[in-house]
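The values are calculated or read from the model by the stated rules, or taken from the named source; none is laboratory data. Please read these numbers as outputs of a predicted model, since none were measured by experiment. Here the Cβ positions follow ideal geometry from the backbone for every residue, glycine too, while neighbour counts run over all protein chains shown.
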Amino acid sequence: MATIDKTKFEFVKRNDFASEAIDAPAYSYWKSVLRQFMKKKSTILMLGILAAIVVISFVYPLFSDFDYNDVSKVNDFSARYIKPNAEHWFGTDSNGKSLFDGVWFGARNSILISVIATFINMVIGVIVGGIWGVSKSVDRIMLEVYNVLSNIPSLLIIIVLTYSIGAGFWNLIFAMTVTGWIGIAYSIRVQILRYRDLEYNLASQTLGTPTTKIVTKNILPQLISVIVTYSTQLLPGFISTEAFLSFFGLGLPVTVPSLGRLISDYSQNVTTNAYLFWIPLTTLILVSLSLFIVGQNLADASDPRTHR
């Protein structure tokens, strides 16, 4: 039997700390979200379109002296109805005003209204929903409130409020946020009820962990994809609502441009000088569509179940 040459071997000493180490790569939730988010080609395309529109809408007006209410060129027939060209990229209207300026000033107002209204609704909805889901006394009251408000069309409430308090930027945002949060709060409440009585939360309650900490640390992080999904639905929804109201002369004052206001002003140009109508409409569609697709892809990416 062959003998083993012990000089060719080295005994490894026992290392208790090394045995406890987990041999797995470090996991970062947000890096995984970014990786999943950027994996889809539709994300890259729509994110590029959305970024271009947002940058132009907020940067270009800083350097432009455009006045939406300026009609000084109304009698200058050479400046009226100029088709899109190298000098006037989107052409001019019957008053000689540049449609390029009008579109980006209007897009800025429409996007601002949508973002602010979405942020306010989401903050109120998540906070109220979090309290609603863990408090039985609040649950009894809020269910009655929800049953009443959910049976009234939200658009009807917005129209009535804009008629009552008058047209204005902040008035429109107020009308959009008076009851807009109730549906979000109810959905958060339902999700919290799903997670509230799971074993690890019951264990936390048994150990004396405050309810507020259980909601903020254990439950809400599980609802990130749900919150993102609602946000992505609200953003294009509010843009469409503003456009709808402005089209019928509600919401913003007639002196303030928005994509809806431009579409309304140039609705008679659907066939004659059609660029006046279709360019603002196309911009509105691109903003809404890119927001929706980017948001949905982000919601999918933020769902931990999609991570590997």
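Odds and ends about this structure:
- Filter result for the condition that a residue is at pLDDT 85 or above and over 21 Å from the mean Cα position of the chain (by Cα), over 60, 68: 60
- Identity of the residue in the range 81-133, among the basic types (Lys, Arg) and outside any helix (DSSP H, G or I), that ends up surrounded by the most Cβ atoms within 10 Å (Cβ to Cβ): 97
- The range 151-164 residues that are under 15 Å from residue 252 (Cα atoms), paired with ones that are outside any helix (DSSP H, G or I) and of a type in the set (A, V, I, L, M, F, W, C) (beta carbon under 8 Å, 6 or more apart): 159/250; 161/178; 162/250; 163/250
- Selected residue [in contact with a Lys or Arg (Cβ under 8 Å, 6 or more places away or on another chain) and either farther than 22 Å from residue 130 by Cβ or not charged (D, E, K, R) (or both)] from 279, 219: 219
- Of residues in the range 22-57 being assigned to a loop (DSSP other than H, G, I, E, B) and either exposed (fewer than 13 other Cβ atoms within 10 Å of the Cβ) or of a type in the set (Gly, Ala, Ser) (or both), the one modelled with the highest pLDDT: 28
- Scanning the range 255-264 for residues that are in contact (Cβ under 8 Å) with a residue 24 or more places away in the chain and farther than 13 Å from residue 107 by Cα turns up just one, 255.
- Only one entry in 207, 193, 250 is among the aliphatic types (A, V, I, L, M), surrounded by fewer than 20 Cβ atoms within 10 Å (Cβ to Cβ) and at pLDDT 80 or above, namely 193.
- Hey, residue 252 part of a loop (DSSP other than H, G, I, E, B) and out of contact with any His (no Cβ under 7 Å at 6 or more places or on another chain) or not: yes
- Any chance residue 144 is assigned to a loop (DSSP other than H, G, I, E, B) and of a type in the set (D, E, K, R): no
- Residue 281 fulfils the conditions (1) under 21 Å from the mean Cα position of the chain (by Cα); (2) more than 19 Å from residue 57 (Cβ to Cβ) except for a single criterion, (2).
- The set of residues from the range 259-278 being assigned to a helix (DSSP H, G or I) and surrounded by 16 or more Cβ atoms within 10 Å (Cβ to Cβ) comprises 259, 260, 261, 262, 263, 264, 265, 269, 275, 276, 277.
- Residue ID - modelled with the lowest pLDDT, chosen from residues in the range 143-169 that are in contact with a helix residue (DSSP H, G or I) (Cβ under 9 Å, 6 or more places away or on another chain) and among the aromatic types (Phe, Trp, Tyr): 169
- For the range 187-227, the set of residues classified as touching a Ser or Thr at 6+ places or on another chain (Cβ under 6 Å) and of a type outside the set (Ser, Thr, Tyr) consists of 214, 224, listed by residue number.
- Some residue of the range 229-237 being closer than 22 Å to residue 79 by Cβ, among the hydrophobic types (A, V, I, L, M, F, W, C) and modelled with pLDDT of 85 or more: no
- With respect to the conditions (1) part of a helix (DSSP H, G or I); (2) touching a residue at least 12 places away in the same chain (Cβ under 8 Å); (3) within 26 Å of residue 54 (Cα to Cα), residue 167 lacks only one, and its number is (1).
- Cross-chain or 6+ apart pairs with Cβ under 7 Å, the range 184-200 first and of a type in the set (Asp, Glu), then buried (at least 19 other Cβ atoms within 10 Å of the Cβ) and part of a helix (DSSP H, G or I): none
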